[in-house]
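The values are calculated or read from the model by the stated rules, or taken from the named source; none is laboratory data. Please read these numbers as outputs of a predicted model, since none were measured by experiment. Cβ placement follows ideal geometry from the backbone for every residue including glycine, while neighbour counts extend to all protein chains displayed.
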Amino acid sequence: MALSEQDTKLTQSIDTLDKKIAEIMIKTFKVNQKKIKTSLITSKRLPPQLTLSLENSTIFNNNDERITIKNLKKGDDVSVYAELDCIQKTEDEITLLWRVIQMKQIIHYDLSVSLFKKDIKNEPVIKNIPPPPPPAPPAPILSLSSTTTKIAKQFAQSGRNSI
């Protein structure tokens, strides 16, 4: 799969992961650096590429319907959730194998045209929303001043009697 040349965060992350795994493999298995195959295939004339396994992966179109890899066309853009599946060690080399968990075909919008079209209706998307419940009745207002005054007077009188 060809990766974006503009967004370098993914390629940098994969490169960093490759280097950390290589360091561990060199220390643990005393492997020669030259035997460790990097995940990314780079070329001056082509964008960075990553080999991915599609075994047991799920693919969706832009309407979130399940499709097969055969439904994708050359040049289609996709969004991919991938994971480092395993590290394969042979006598000749060590390879990192990546697996696609899910893939989704994405569509591009023509950004040369206004996205603020005037024919967009201002209607709710979901029309079967039940009406809200009626508001709760207002809470009764209690007059604490008369009650407080009575308690204060009783307290004051009981205090006089005890002295």
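Tabulated data
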quantity: Test: residue in segment 2-21 that is under 24 Å from MET103 (Cβ atoms), in a strand (DSSP E or B) and not polar (S, T, N, Q); calculated: yes
quantity: Test: residue in segment 103-112 that is modelled with pLDDT of 75 or more and over 30 Å from GLU55 (Cα atoms); calculated: yes
quantity: Flag for LYS20 being under 16 Å from THR95 (Cα atoms) and touching a residue at least 24 places away in the same chain (Cβ under 8 Å); calculated: no
quantity: Failed condition for SER4, given (1) without any contact (Cβ under 8 Å) to a residue 12 or more places away in the chain; (2) loosely packed, with under 14 Cβ neighbours inside 10 Å; calculated: (1)
quantity: Qualifying positions in segment 33-82 - over 21 Å from the mean Cα position of the chain (by Cα), assigned to a loop (DSSP other than H, G, I, E, B) and surrounded by 11 or more Cβ atoms within 10 Å (Cβ to Cβ); calculated: THR38, SER39, THR42, PRO47, PRO48, THR51, LEU72, ASP76
quantity: Any pair with Cβ under 9 angstrom, 6 or more apart, that starts in segment 70-91 at a residue that is in contact (Cβ under 8 Å) with a residue 24 or more places away in the chain and among the small types (Gly, Ala, Ser) and ends at one that is surrounded by 12 or more Cβ atoms within 10 Å (Cβ to Cβ) and outside any strand (DSSP E or B); calculated: ALA82/MET1; ALA82/SER57
